[in-house]
Amino acid sequence: MVHGCRFVGKGRVRARVIRQGISRSAVLYRYVAGLPTDGYQWAYGAGAGAGLIPTNDGQTCVFVSTTPERMCGLRRYGVEHAFSELLVQAAPTLRDPVVTATPAGPIRGWGGVPGYLRRCWGAGWALVGDAGYFKDPITTHGMTDAMRDAELFSAEEGTPTYVTRFDGVRVPATDYQPVWVTNLADDVTIEGSAMNGVAQGAEAVRSIVTYIRSLYDDQEFNFAAPYGENGFLEDYTAWVRGEQLGNVVLVTRNAAGQAQRVVANYWPRTTLLLVSRLVGEHFGGTPTASTSPPAPSSDPRYKPGGTRGRPRSAVPGSHSATRAR
């Protein structure tokens with residue numbers, strides 16, 4: 001469980017921002033004694049805001065806010081000047097009570113952060129409060145949200161998501177491994193939504209799948225279970241060089257229970273093309289080479305020098321290569 005707006009996702013936690021604001025507020029605040037208030041007081045002026053927040057030990061937090069650009073200009077004449085100027089503009093009646101109160105500490109500043117909403121959960125992790133959803137601190141709901149999220153999270157903790165492996169064993173999603181890769185039929189085939197052809201043979205399929213998985217910065221399995229009479233379905237999200245990649249894999253069994261046919265559907269196209277190029281460069285010139293068309297030159301991730309002039313066969317990424325696992 002992680003909290004705090006300065007959180008940066010790493011390791012198994014890939015908390016991508018899914019909504020991003022553009023506005024932010026810069027704030028100056030200080031604590032004073034001798035300025036009693038019965039509750040929050042908010043005031044607004046032309047391009048400025050101010051307020052009083054009662055705190056512990058008889059102290060009151062006094063804050064002023066404006067745009068970062070305006071705050072920067074005012075602070076050139078000193079932080080005390082900026083604080084006083086904004087307080088007068090937003091709440092002129094508060095100036096004298098604040099000036100006569102006793103400072104309980106220095107003026108502190110906050111440059112502001114645009115609001116955002118992150119994907120705030122995954123297999124084995126969760127974000128609470130500002131780490132998952134940040135909004136302007138003028139709402140003063142950050143700590144409330146963090147405590148609420150932690151309470152909700154603790155109520156669900158201890159009930160991990162389970163999935164079923166190809167061999168029928170149920171495991172937590174965080175412990176899942178695609179064991180079907182070790183149980184391939186000799187003549188297994190693999191194809192995908194972006195393919196023009198089919199790769200065949202256990203060695204070829206295993207080498208393609210193993211290399212693609214080696215490209216993943218991280219991988220989270222959302223679902224895995226038998227599907228239909230002879231099928232097995234796998235749904236996961238991965239990250240390749242910071243880019244998100246989704247995939248749904250359908251594996252069909254033969255009479256011996258081995259993986260006979262593998263069909264994969266990757267998305268979005270931009271990350272698919274990135275993976276295609278990397279795999280094409282890795283396998284180019286080998287017996288497993290490729291059968292799908294090259295990535296279009298208009299795509300910024302496509303590098304023509306990496307794939308042109310190579311023989312056609314059955315690996316993702318070159319002239320007619322498999323672009324999915």
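In table form, for the structure just shown:
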| read-out | value |
| --- | --- |
| Some residue of the stretch 105-114 being closer than 19 Å to Arg16 by Cα and either modelled with pLDDT under 90 or outside the structural domain of Ala26 (by TED's automatic domain parsing) (or both) | yes |
| Residue list for the stretch 225-279, filter: touching a Leu at 6+ places or on another chain (Cβ under 9 Å), basic (Lys, Arg) and under 26 Å from Val169 (Cβ atoms) | Arg261 |
| Of all residues making up the stretch 227-255, the number that are closer than 15 Å to Val179 by Cβ and touching a residue at least 60 places away in the same chain (Cβ under 8 Å) | 3 |
| Test: residue in the stretch 85-92 that is surrounded by 20 or more Cβ atoms within 10 Å (Cβ to Cβ), modelled with pLDDT of 90 or more, outside the structural domain of Phe221 (by TED's automatic domain parsing) and part of a loop (DSSP other than H, G, I, E, B) | yes |
| Subset tally (residues that are in a loop (DSSP other than H, G, I, E, B) and more than 26 Å from the chain's Cα centre (by Cα)) for the stretch 166-178 | 4 |
| Top-ranked residue in the stretch 115-139 [being in a loop (DSSP other than H, G, I, E, B) and either polar (S, T, N, Q) or more than 13 Å from Arg24 (Cα to Cα) (or both); ranked as modelled with the lowest pLDDT] | Ala123 |
| Residue check, Val188 over 17 Å from Thr271 (Cβ atoms) and free of Cβ contacts under 8 Å to residues at least 40 places away in the same chain | no |
| Test: residue in the stretch 114-128 that is buried (at least 19 other Cβ atoms within 10 Å of the Cβ) and of a type in the set (Phe, Trp, Tyr) | no |
| Residue within the stretch 35-54 that is in contact with a Lys or Arg (Cβ under 9 Å, 6 or more places away or on another chain) and over 26 Å from Gly21 (Cα atoms) present | no |
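The values are calculated or read from the model by the stated rules, or taken from the named source; none is laboratory data. Just so you know, these numbers come straight off a predicted model, no measurement behind them. Neighbour counts are summed over all protein chains in view; Cβ atoms, including those assigned to glycine, are modelled from backbone coordinates with ideal geometry.
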